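Report on one structure; see the data block that follows.
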Amino acid sequence: MKRIGLFGGSFDPPHLGHMLMAQYVLEECELDEIWFVPVHTPPHKKRESMSTNEERLEMLEQSTALEEKFFISTIEFERKGISYTIDTVKQLKKQHPNTHFYFIIGGDMIESLHTWKDIEELLEDTTFIGVQRPGASSQAIYSDRVIQVEAIQVDLSSTLIRERVKLGKSIAYMVPNGVESIIRKRGLYGDGEREST
Ligand SMILES: Nc1ncnc2c1ncn2[C@@H]1O[C@H](COP(=O)(O)OP(=O)(O)OP(=O)(O)O)[C@@H](O)[C@H]1O
Ligand SMILES: O=C(O)c1ccc[n+]([C@@H]2O[C@H](COP(=O)([O-])O)[C@@H](O)[C@H]2O)c1
């Protein structure tokens, strides 16, 4: 059985917190590959930024280019609609029958797992991996059904990066190489009016 870690998120933009946790989980949980799965429409979160799917994908491609075990699945872009994880996992399992899928989340999300669509069914054959996140608590209904990994904790979020860009502050060393220049080149996260996908 191949062991694949799915890492879902908005990645708007990808930041070093994402990359460090992906690399750490890859090794620590002895996974074969990590597949980053950018959401089309997050189930529980309103996307605050107006960046397009193509722009998020370009930043993710830049972020994963140098690591041979990092891949991107655009399955949720293609499916459109709300990006429920159960739908993604079911679709992927059909396409890759000899694979065990893991789903990587930040420790902050363990608390709200009970609100996910068909969570019992999802937990039956998908193994969740929760990576500690600064400020997150581990007291939650499903905490004993999630492999909890103590990776290097970085108090970074995409929200913080977007705010810093808006204020004209540096984001050097906070995002993977090349991501800052995509942000600047495309004028992301500024005040200007942009179209969303
Ligand atoms: N610094 C971090 N440490 C641990 N987990 C993180 C960190 N940043 C993001 N994650 C986790 O990565 C996944 C994808 O996150 P997402 O792309 O939504 O980033 P975010 O930084 O939380 O974004 P935003 O600030 O826009 O809400 C989620 O499971 C989230 O909990
Ligand atoms: O399936 C659900 O009900 C569900 C509810 C909340 C979040 N998720 C997934 O969790 C991942 C991270 O979500 P977010 O909101 O932090 O971008 C992303 O892949 C979402 O599709 C999934």
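Could you name the lysines in cross-link range of Lys94, using Cα to Cα under 27 Å and dropping any fewer than eight places away on the same chain? Straight-distance partners of Lys94: Lys2, Lys69, Lys80, Lys117.
Mean-square fluctuations from a GNM of the chain, with a 10 angstrom spring cutoff on Cα atoms, peak among His96, His40, His15 at His96. One equal scatterer on each Cα of the chain, no solvent, Debye formula: the resulting log10 I(q)/I(0) at q = 0.10 Å⁻¹ is -0.40.
Net charge dipole, the chain: roughly 520 debye, given to the nearest 20, about the Cα centre with Cβ charges of +1 for Lys and Arg and -1 for Asp and Glu. Across the options Ile4, Thr115, Tyr189, the greatest Cα extent toward the positive end of the charge dipole of the chain (unit charges at beta carbon of Lys, Arg, Asp, Glu) belongs to Tyr189. Positive-end ranking of Gly130, Thr85, Gly106 along the dipole of region 1-150, with charges on Cβ about the Cα centre, is headed by Thr85. Sorting the segments 18-31, 110-123 by their mean number of nearby beta carbons within 10 angstrom, highest to lowest, gives 18-31, 110-123. Seen against the Cα atoms of the chain and their longest principal axis, helix 16-28 is set at about 30 degrees. Across the options His18, Phe36, Ala65, the greatest Cα extent toward the positive end of the charge dipole of region 2-155 (unit charges at beta carbon of Lys, Arg, Asp, Glu) belongs to Phe36.
A short reminder: the numbers here are calculations on the coordinates, not readings from a lab. If you're wondering where the values come from, they're calculated on a predicted model, not measured in any experiment. So basically every Cβ, Gly included, is an ideal-geometry build from the backbone, and we count neighbours across all protein chains shown.
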